[in-house]
Amino acid sequence: MKRVNRKFNWILGFVGFIISLFIITAPDEVDYNEWLSSKQGIICDHSGLESGCKMGDRAINRDTSEIKNARIYLQVRETFSQPNKEYDIKAVGVLNHFFDMSSFTIYD
């Protein structure tokens with residue numbers, strides 16, 4: 001009986017450690033904005049009344065934005081557009097890393 005309790009305590013402690021690790025290393029929106037500027041080249045300014053986004057030196061429109069913070073991961077889906085181009089940004093952030101599933105479309 002003691003051996004079963006000891007195993008259960010070790011397993012419970014290990015699961016608690018893993019969950020704590022995910023919570024501590026979960027990225028936030030600031031981390032996402034840094035990733036977005038470095039990976040996709042899109043920089044968004046959220047200060048002041050005139051917040052906007054740029055890609056390089058050209059303006060880019062943010063059409064939709066959905067950010068889900070679940071404390072152990074961050075899930076993002078945003079759509080940006082420029083004339084004849086649409087960027088569908090999809091990413092999941094976990095353990096201080098973002099997994100990119102983005103795509104872009106060019107229209108004629």
Checked pairs for region 19-44, first farther than 30 Å from Gln82 by Cβ, second among the aliphatic types (A, V, I, L, M), C-beta under 6 Å and 6 or more apart or across chains, list as Phe22/Ile72; Ile23/Ile72; Thr25/Leu95; Ala26/Ile72
Given the conditions (1) under 23 Å from Tyr107 (Cβ atoms); (2) of a type in the set (A, V, I, L, M); (3) open to solvent by less than 60 Å² (accessible area, probe 1.4 Å), every one holds for Ala59 apart from (3)
Among the residues of region 82-102, the number that are open to solvent by 60 Å² or more (accessible area, probe 1.4 Å), over 24 Å from Arg71 (Cβ atoms) and in contact with a strand residue (DSSP E or B) (Cβ under 9 Å, 6 or more places away or on another chain) is 3
Pro83 meets each of (1) at negative phi; (2) in contact (Cβ under 8 Å) with a residue 12 or more places away in the chain with one exception, condition (2)
When Leu74 is run through (1) in contact (Cβ under 8 Å) with a residue 60 or more places away in the chain; (2) open to solvent by less than 80 Å² (accessible area, probe 1.4 Å); (3) in contact with an Asp or Glu (Cβ under 8 Å, 6 or more places away or on another chain), the failure sits at (1)
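Scan region 1-42 for residues that are outside any helix (DSSP H, G or I) and open to solvent by less than 90 Å² (accessible area, probe 1.4 Å) and report the count. Please lay out each step first, then the result.
Filtering region 1-42 for residues outside any helix (DSSP H, G or I) gives 1, 25-28, 41-42.
Of the ones still in play, those that are also open to solvent by less than 90 Å² (accessible area, probe 1.4 Å) are 25-28, 41-42.
Result for region 1-42: 6.
The values are calculated or read from the model by the stated rules, or taken from the named source; none is laboratory data. In this text, all values refer to a predicted model and were calculated from it rather than measured experimentally. Note that each Cβ is placed from the backbone with ideal geometry, even for glycine, and that neighbours are counted across all protein chains shown. The accessibility values were calculated without ligands, DNA or RNA, using every heavy atom of the protein model including side chains. Shrake-Rupley method; radii C 1.70, N 1.55, O 1.52, S 1.80 Å.
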